[in-house]
Amino acid sequence: MTRDEGRQMRSGFGFDLRSMEIFVETLEQGSQSAAARRLGLKQSSVSQSLANLEESMGVTLFKRHSRPLEPTSAGRFFYDRARRLLDDARNTRRELVSGGFGQLHQVRLALVDSLATAVGQPLIELIRRHTRDYTLTTGLSHMHGHSLLTRHVDIIISDDRLENYDGLERHALLREPFVLVVPLSWNGPLDNLRWLARHLDFVRYTPQSLIGQAIERHLRLNRLELPARLHLDNTFAVLRLVGAGAGWTITTPLCLYQAGLDDLRVTVAPLPLAPLNRELTLVARRDELGELPALLARDSRRLLEQRFRTQLERSLPWLSAEVVTQV
């Protein structure tokens, strides 16, 4: 190993795969000379690599006067980690060379709560057929886009299309209108939100949520300022509170479905403002996951038609026509 290579190694992690391989072989062969023969290197190159390795990490890896060479406690720790990393690297190369990467090792998916209720379990079954491992998270929808862009998740299904970012593929799933929801006991007008707000509190989503931000923006555009008394962080709590008669809210059909449409003691009516819609889109980094994003999008639309729309047509047929599953 040259001095320049040693400096490059010290400027990064302090080690690379080659230096780990030399270290592991030296321990397993018991000497630097045996490791050099095994790896087809000069003994001086092995010696220099090990010296650079210890210097860059600031630890002693070998008990120098033992024969055969034995590791220090730090050396033993590094040996165990290095073996695993080298095995992973060899397996990665083997699968790349053989073309054995058709099945993804892991897919991390984040989606809005309401969609998880509607199609979560069948989506998991589909993911299982295409991956060896997976994770699925909900909640904190305002963070999903950031998580995708920082590679903490691979796919999001969200009301944020991340339109300002390149290198992404987008598959439209659903467009649905926002609607007015009041307690079943309310017998006043449904076409005047100012009148409604004088008699019942407005039950808000928290301002951190994307759905809450969309609603608040729409109210401001319509010059409607409402007292900020009730902020709840999930749809189930919002709609149960409305059903109990504590207030009214603005939400979407899919959120009503999530909260159990047949069990809610509420009245649903068109929003008496300019129309406001929510669009859910599957977004993934382009060309990383093969056909999986398109397959998930296709199956999500099919499941929404089979489950969500079927119940909507039974419970709120006037609203079903306003919901569009994108094709």
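The values are calculated or read from the model by the stated rules, or taken from the named source; none is laboratory data. Source: prediction; values computed, not measured. Every residue, glycine as well, gets a Cβ built from its backbone with ideal geometry; the counts of neighbours run over all protein chains shown. Heads up: the accessible areas ignore ligands, DNA and RNA and are worked out on the full protein's heavy atoms, side chains in. Shrake-Rupley method; radii C 1.70, N 1.55, O 1.52, S 1.80 Å.
Here are some notes:
- Heavy-atom accessible surface of Ser56, to the nearest 10 Å², is about 30 Å², with a 1.4 Å probe and all protein chains retained.
- Amide hydrogen neighbours beyond the local backbone of Leu174, cut-off 5 Å, H modeled: Leu280, Gln326
- Crossing angle, helix 73-98 versus the chain [Cα axis fit, 0-90 degrees, rounded to tens]: 70 degrees
- Förster radius 25 Å - calculated FRET efficiency between Ser185 and Trp318 (Cβ-Cβ, nearest 0.05): 0.70
- Computed FRET value (nearest 0.05) for Leu136 with Arg94, which takes r as the C-beta separation and R₀ as 22 Å: 0.15
- Area of Met57 that stays accessible when all protein chains are in place (1.4 Å probe, Å², to 10): 60 Å²
- Taking the stretch 180-215 and a reference point 7 angstrom along Cα→Cβ of Arg265, the backbone N atoms nearer than 11 Å belong to 183-186.
- DSSP-defined beta bridges in the stretch 170-327 - what % are antiparallel, rounded to 5: 75 percent
- Taking a ≥ b ≥ c as the square roots of the eigenvalues of the Cα gyration tensor, an a/c ratio of 1.5 or more together with a/b larger than b/c marks the stretch 241-327 as prolate.
- Residues within the reach of a label modelled at Arg67 (point 7 angstrom out along Cα to beta-carbon, backbone nitrogen below 13 Å), restricted to the stretch 11-49, are 31-33.
- Taking the longest Cα principal axis of the chain as reference, the axis of helix 210-221 is set at about 40 degrees.
- Overall shape: oblate for the stretch 224-274, with the ratio a/c of the largest to smallest alpha carbon gyration tensor axis at 1.5 or above and b/c at least equal to a/b.
- Answer label, with Cα Rg over 2.2 N^0.38 Å calculated from the coordinates and candidates (1) 1.00; (2) 1.04; (3) 1.47: (3)
- Computed over the chain, the per-residue total of -39500 (n - 2.57) for DSSP H runs of n ≥ 4 gives a 222 nm mean residue ellipticity of -14000 deg cm²/dmol, rounded to 500.
- For the chain, share of DSSP beta bridges that run antiparallel, in % to the nearest 5: 65 percent
- With Cα atoms, 0 to 90° folded angle of helix 113-130 axis to the chain main axis: 40 degrees
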